[in-house]
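Novice: Here it is, the structure, as structure tokens.
The values are calculated or read from the model by the stated rules, or taken from the named source; none is laboratory data. All of these numbers come straight from a predicted model, not from anything done at the bench. Cβ placement follows ideal geometry from the backbone for every residue including glycine, while neighbour counts extend to all protein chains displayed.
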Amino acid sequence: MSTVSATPKSRSQTIRGAHLFVRCLRELGVDTVFGYPGGAIMPIYDALPQSGITHILTRHEQGAALAADGYARVSNRVGVCMATSGPGATNLVTGLANSMLDSVPVVAITGQVATGLMGTDAFQEVDVFGITLPIVKHSYIIRDVADIPHVLAEAFHLAREGRPGPVLIDVPKDVTVAEIEDALTLPVFETARPQLPPAIGLAAEAMAAARKPLFYLGGGIELAGCEDAIRALVDQTGFPFVATLKGLGSVPTDHPQALGMLGMHGNQGANLAVQESDLLIVAGARFDDRATGKLDEFAPHARVIHMDGDPAEIGKLRHADVALPGDLATNLGALAQQLTRLDSGRIADWTRRCAELTTRHAWRYDAPGDFIYAPALLKAMSERGGERLTIACDVGQHQMWVAQHCRFRRPRTHLTSGGLGTMGYGLPAGLGAKLARPDETVVVVSGDGSIMMNIQELATLNRYNIDVRIVLLDNSSLGMVRQWQELFFAGNYSEIDLSDNPDFAALARVFGLKARTIDRRDQVDDALDWLFHEPGPSLLHVRIDPTANVWPLVPPGKNNANMMEGEAR
């Protein structure tokens, strides 16, 4: 890693470290910060009002971390969150772990007790550096005010560089109040030029020889910003493709070669195609267990070409017959240039077979009964939202229904907690996304379990009039846990009953949002019209069948060809 120093700005007076800190943030392009003040970080908050940076006061530090995550995902910029020492810092931990597992660039700034008190069990002293070591890319404790510019510049560089992720900066209070000459020298960190791996030719040969090739697309495509390159390669080859939960939208989900999401709750046609394929071209995916099912029986006949920006992922879980580490956009472009003699007739039977699987296992929306059928509602919502819709989703049954039934035509429009599975993610991530994309429609899809995890952020929506629409699916239970207890624990329903839920529409109104409740299918069309045309933050409370399950389902310990099917209700 090399550094190049910018020209110092000549100034005559001294300033406090906190003002230098905030000025560096501004120089690094930060315009929005999510946080919650407190004693140890108060000097930085004292410097914020005149900085030109917009601060969003969330009502819990976890909300700040998850809002920064949502902001970063849709903007392709570094999200920033701040908290004070002790409980403020520890409340960021879940959000940082979420960003780490989903490779989201976030810089978290925490106040700390003065350096002379560190290690004495002082009031609100916590070793946040040590606590967060396993869940951040890098951590800093700034002990000298002169180090502020270098640490901040390096932290932002590291958050974006390579495989993105969160970085923590812990700032003792005495550093922020220390005086320093008012001269800003902000280092610039250069990014290494991507190198072309030598196996590109081997990958092209394997693709030209395959009779049942399949693209397997993951979230790394979005991280690398190479959606144009992967779409061009998909179109050039004519190969069908499947996507992971985080890969949805890298190529439009309604593309004619799309087979759908693979994995535990994936489309049956997609899973069966993977199991029959003879070549998997894996781009930005990591063979996660939720995608592969029983790993040693996953795609048993397929050779693997594995492309990923993180070399550590290649060969970690599945042997790569052809390994292509490095910059995805560069590698995809080089691969496209190599593929000059593809014989479309070679895969004609395979494309017909995939089309047959897609037709045979297409989703159905004709569930009987009067209860609102969640997949049909979400499909209609996605279609009503149009091309400028971003969906921020919580975790549970509704998360899988969104992935199965909503249309995603662009990357960075499907925000979901993939690796950590963080309940309470949707609402703060949605408000962060709306602030990053103020001209787009942002809908949060949540469940009655997840919404209660960070429901205090309704107050944040109201305070700043953040125009986020919320669709709350209420089955009066922890639905995904209930489904597993029904199927795999002999119906022993343990601690999943949420029948004492509050009136969510009334609760939203107390927070200052517009709200309404529906519980019949004949109310859906009118409710969706209201959701998209009523201005300002709002909540649509949707009561659904408490016994509805997500289908299909790959049982634990089984391969993806062994999917359980249930009846839509």
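Novice: State all residues of segment 63-77 that are crowded, with 24+ Cβ neighbours inside 10 Å and more than 14 Å from LEU415 (Cα to Cα); if no residue qualifies, say none.
Specialist: Within segment 63-77, GLY63, ALA64, ALA65 qualify.
Novice: So for segment 362-374 (the condition being assigned to a loop (DSSP other than H, G, I, E, B) and in contact with a Gly (Cβ under 6 Å, 6 or more places away or on another chain)), does at least one residue qualify?
Specialist: No, segment 362-374 has no match at all.
Novice: Going by the conditions given, is VAL242 hydrophobic (A, V, I, L, M, F, W, C), within 21 Å of ALA362 (Cα to Cα) and touching a Lys or Arg at 6+ places or on another chain (Cβ under 7 Å)?
Specialist: Judged against the criteria, VAL242 is not a match.
Novice: For segment 6-58, what are the residues that are modelled with pLDDT under 95 and either assigned by TED's automatic domain parsing to the domain that holds LEU458 or among the hydrophobic types (A, V, I, L, M, F, W, C) (or both)?
Specialist: ALA6, ILE15
Novice: Return the only residue of ARG231, ARG211 being in the same structural domain as ALA336 (by TED's automatic domain parsing), closer than 30 Å to SER344 by Cβ and assigned to a loop (DSSP other than H, G, I, E, B).
Specialist: ARG211
Novice: Inspect all residues belonging to segment 325-345 and state whether any of them is in contact with a strand residue (DSSP E or B) (Cβ under 8 Å, 6 or more places away or on another chain) and farther than 27 Å from GLU161 by Cβ.
Specialist: Checked against the condition, which is being in contact with a strand residue (DSSP E or B) (Cβ under 8 Å, 6 or more places away or on another chain) and farther than 27 Å from GLU161 by Cβ, segment 325-345 yields no hits at all.
Novice: Just the residues that are part of a strand (DSSP E or B) and not small (Gly, Ala, Ser), please, taken from segment 17-45.
Specialist: THR32, VAL33, PHE34, TYR36
Novice: Now for a different question. Could you tell me which residue of segment 82-115 is surrounded by the most Cβ atoms within 10 Å (Cβ to Cβ), considering only residues that are over 12 Å from the mean Cα position of the chain (by Cα) and among the hydroxyl-bearing types (Ser, Thr, Tyr)?
Specialist: The residue in question is THR110.
Novice: Here is a further query. Taking segment 531-561 only, how many residues are charged (D, E, K, R) and farther than 30 Å from ARG516 by Cα?
Specialist: 1
Novice: Can you name every residue in segment 519-550 that is free of Cβ contacts under 8 Å to residues at least 24 places away in the same chain and among the aromatic types (Phe, Trp, Tyr)?
Specialist: TRP530
Novice: Something else: Suppose we filter segment 123-161 for residues that are surrounded by 18 or more Cβ atoms within 10 Å (Cβ to Cβ), of a type in the set (Gly, Ala, Ser) and part of a helix (DSSP H, G or I); how many remain?
Specialist: Qualifying residue count, segment 123-161: 3.
Novice: Condition first: among the aromatic types (Phe, Trp, Tyr) and free of Cβ contacts under 8 Å to residues at least 40 places away in the same chain. Now tell me which residues in segment 269-313 satisfy that.
Specialist: Within segment 269-313, PHE287 is the sole residue that qualifies.
Novice: Go over the candidates THR191, THR185, THR120, THR110 one by one and state the one that is hydroxyl-bearing (Ser, Thr, Tyr), free of Cβ contacts under 8 Å to residues at least 24 places away in the same chain and not in a helix (DSSP H, G or I).
Specialist: Answer to the selection: THR120.
Novice: Going through segment 266-276 one residue at a time, which ones are out of contact with any Gly (no Cβ under 6 Å at 6 or more places or on another chain) and within 16 Å of GLY218 (Cβ to Cβ)?
Specialist: Correct list: GLY266, ASN271, VAL274.
Novice: What about ARG211, is it modelled with pLDDT of 95 or more, of a type in the set (D, E, K, R) and in contact with a strand residue (DSSP E or B) (Cβ under 9 Å, 6 or more places away or on another chain)?
Specialist: Answer is yes for this residue.
Every residue, every condition in (1) assigned by TED's automatic domain parsing to the domain that holds GLY266; (2) under 30 Å from GLY70 (Cβ atoms); (3) in contact with a Cys (Cβ under 6 Å, 6 or more places away or on another chain), yes or no:
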{"residue": "THR120", "(1), (2), (3)": "no, no, no"}
{"residue": "PHE129", "(1), (2), (3)": "no, yes, no"}
{"residue": "LEU158", "(1), (2), (3)": "no, yes, no"}
{"residue": "ASP174", "(1), (2), (3)": "no, no, no"}
{"residue": "ALA204", "(1), (2), (3)": "yes, no, no"}
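Novice: Select from segment 469-527 the residues that are of a type in the set (Asp, Glu), surrounded by fewer than 20 Cβ atoms within 10 Å (Cβ to Cβ) and not in a loop (DSSP other than H, G, I, E, B) and write down the one among them that is farthest from the chain's Cα centre (by Cα).
Specialist: My answer is ASP522.
Novice: Can you confirm whether VAL104 is assigned to a loop (DSSP other than H, G, I, E, B), of a type outside the set (Asp, Glu) and touching a helix residue (DSSP H, G or I) at 6+ places or on another chain (Cβ under 7 Å)?
Specialist: When the stated conditions are applied, VAL104 passes them.
Novice: VAL167 - would you say it is assigned by TED's automatic domain parsing to the domain that holds GLY17, modelled with pLDDT of 95 or more, touching a Lys or Arg at 6+ places or on another chain (Cβ under 7 Å) and surrounded by 18 or more Cβ atoms within 10 Å (Cβ to Cβ)?
Specialist: yes
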